[in-house]
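Please read the structure below before turning to the comments.
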Amino acid sequence: MLELSFVRDNLAVVEEKLRLRGMDPNAVLGDFRTLDASRRQAIAEAETLKARRNRASDEVALLKKSGGDASALIAETKDLRETIAAKEKTAAEYEARMQQLLVGIPNLPHASVPAGNSAEQNVEVRRWGTPPTFAFPPKSHWDLGQQLGILDLERASKLSGARFAVYWDLGAKLERALANFMLDLHTREHGYTEVLPPYLVNSDSMCGTGQLPKFADDLFRVPHGERDLWLIPTAEVPVTNLYRNEVLDAAQLPICLTAYTPCFRSEAGSYGKDVRGIIRQHQFQKVELVKFARPETSYDELEKLTRNAETVLQKLGLHYRVMALCTGDMGFSSAKTYDIEVWLPGQGLFREISSCSNFEAFQARRANIRFRAEGKGKSDLVHTLNGSALAVGRTWVAIVENYQQPDGSVVIPEVLRPYIGAERIDPRKM
């Protein structure tokens, strides 16, 4: 969330940044100036009346002490109390409307973000490796998964409906092996601390990272008594909110955490998109990286986090590219995002497998996550960052498609063999 005073003092900048995002400033900001002026006037009027009431109360005390008649002043203070209550109610209504407006404003793109209206204007930063060559037409993962007996979408549909998957035998072991490999890499080599958070969170947590209120339709809500719980769409939500309403010691920063969780997304805005296979599921697993950093170092930490995610693909020998998302393609809360896209030969295209973002203070302001430097009395907002490292299901897809063999088998990358206990996935019946 942006700070009210920042929006007020930099309204033209905010409007221009919204245009860069491909948004209509009038639709996002609405009657900001009028609302802000009315809110400030109501607050000022209430404060003026409070000062007047306080003076009248002092005069009443003096009159009573001297034996004078204070009845008129007493009546005035009573009237003032009622008027103040009405003014405070009006001010609170304006405040609520202002907060509703502010939480609907997306983060502002960093100056280094390329301008553009859609994914076509994203900029390639670098790529690694080369795509594999095949002496046969490479198959898609949905065909290979069925033929190998490791992926079952039909039975998943019987259990839960469309966009769910059942993994069998070495398919299930490959998923588990990937998660363990990623967690070991990030904790042992990259210095992250592993966390196992809840998979259900409250509405405050969803608001803290920016999923609510704007994206409620993309989430799975679980009513529980008189309150709502939500299935997490990513480990970013519970892990970032671990420090909600806390002040961190600056000496702790950066705090680097990693978590493996299922992720649940209703994909309300993605109907009919990527319906084949397991590219876009209602439930999938992911290893997430989350950082809490000082503002002056957060962009260095973004580069490190992105490189950490890339290392997974490099060790798996998978060809990929890194894209800097343009202003019109970034997520709501992000100030800058890199997408890592892996090559999928069965589909003949690059597919996003990770998004690594710096949210600056946007989430920290919503979740009230601050830090205090040694010797300083005032606390400051931290910068939060996160990235997938990686989406396990899409990594599963990349391995199956890139390591397929002429006989229909799939070779398992060497780094995964100690985890899975096999060198190859051969066709077998379910």
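Matching residues to (1) of a type outside the set (D, E, K, R); (2) touching an Asp or Glu at 6+ places or on another chain (Cβ under 9 Å):
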| residue | (1), (2) |
| --- | --- |
| GLN99 | yes, no |
| LEU108 | yes, yes |
| SER112 | yes, no |
| ASN117 | yes, yes |
| ILE150 | yes, yes |
| ARG155 | no, no |
| ALA162 | yes, no |
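Scanning the range 149-166 for residues that are more than 24 Å from GLY387 (Cβ to Cβ) and crowded, with 17+ Cβ neighbours inside 10 Å, which turns out nearest to the chain's Cα centre (by Cα)? So the residue we want is PHE164. Where helices (runs of 4 or more DSSP H) fall wholly inside the range 84-190, the ranges with 2 or more residues that are of a type in the set (Asp, Glu) are 169-184. Remark: ALA389 falls outside the filter, which requires a residue to be modelled with pLDDT of 95 or more and assigned to a loop (DSSP other than H, G, I, E, B). Restricting GLU288, GLU267, GLU296 to residues that are outside any loop (DSSP other than H, G, I, E, B), within 18 Å of the chain's Cα centre (by Cα) and among the acidic types (Asp, Glu) narrows the list to GLU288.
For the range 32-47, the count of residues that are open to solvent by less than 60 Å² (accessible area, probe 1.4 Å), under 22 Å from LEU11 (Cα atoms) and charged (D, E, K, R) is at least one.
When you go through LYS158, LYS89, LYS139 one by one, which is the residue that is more than 30 Å from PHE362 (Cβ to Cβ) and in contact (Cβ under 8 Å) with a residue 24 or more places away in the chain?
Within the list LYS158, LYS89, LYS139, the selection yields LYS139.
Taken residue by residue, the range 213-226 has at least one member that is of a type in the set (Phe, Trp, Tyr), part of a strand (DSSP E or B) and under 21 Å from GLY393 (Cβ atoms). Residues that are part of a helix (DSSP H, G or I) and open to solvent by 10 Å² or more (accessible area, probe 1.4 Å) within the range 299-329 comprise TYR299, ASP300, GLU301, GLU303, LYS304, ARG307, ASN308, THR311, GLN314, LYS315, listed in sequence order. Residues that are of a type in the set (A, V, I, L, M), more than 13 Å from GLY421 (Cα to Cα) and open to solvent by less than 50 Å² (accessible area, probe 1.4 Å) within the range 167-196 comprise ALA179, MET182, LEU183, LEU185, VAL195, listed in sequence order. The residues of the range 345-377 that are open to solvent by 30 Å² or more (accessible area, probe 1.4 Å) and in a strand (DSSP E or B), listed by number, are LEU349, PHE350, ARG351, GLU352, SER355, ARG370, ARG372.
Can you pull out every residue in the range 321-378 that is closer than 19 Å to GLU296 by Cα and among the acidic types (Asp, Glu)? If the condition is that a residue be closer than 19 Å to GLU296 by Cα and among the acidic types (Asp, Glu), then GLU360, GLU374 are the ones that fit. Name every residue in the range 382-414 that is of a type in the set (Ser, Thr, Tyr) and open to solvent by less than 10 Å² (accessible area, probe 1.4 Å), in order of residue number. The answer is THR384, THR395, SER409.
The values are calculated or read from the model by the stated rules, or taken from the named source; none is laboratory data. All figures in this text were calculated on a predicted structure; none of them were measured in a lab. Positions of Cβ are generated from backbone atoms using ideal geometry, with glycine treated the same way; all protein chains shown enter the neighbour counts. Heads up: the accessible areas ignore ligands, DNA and RNA and are worked out on the full protein's heavy atoms, side chains in. Shrake-Rupley method; radii C 1.70, N 1.55, O 1.52, S 1.80 Å.
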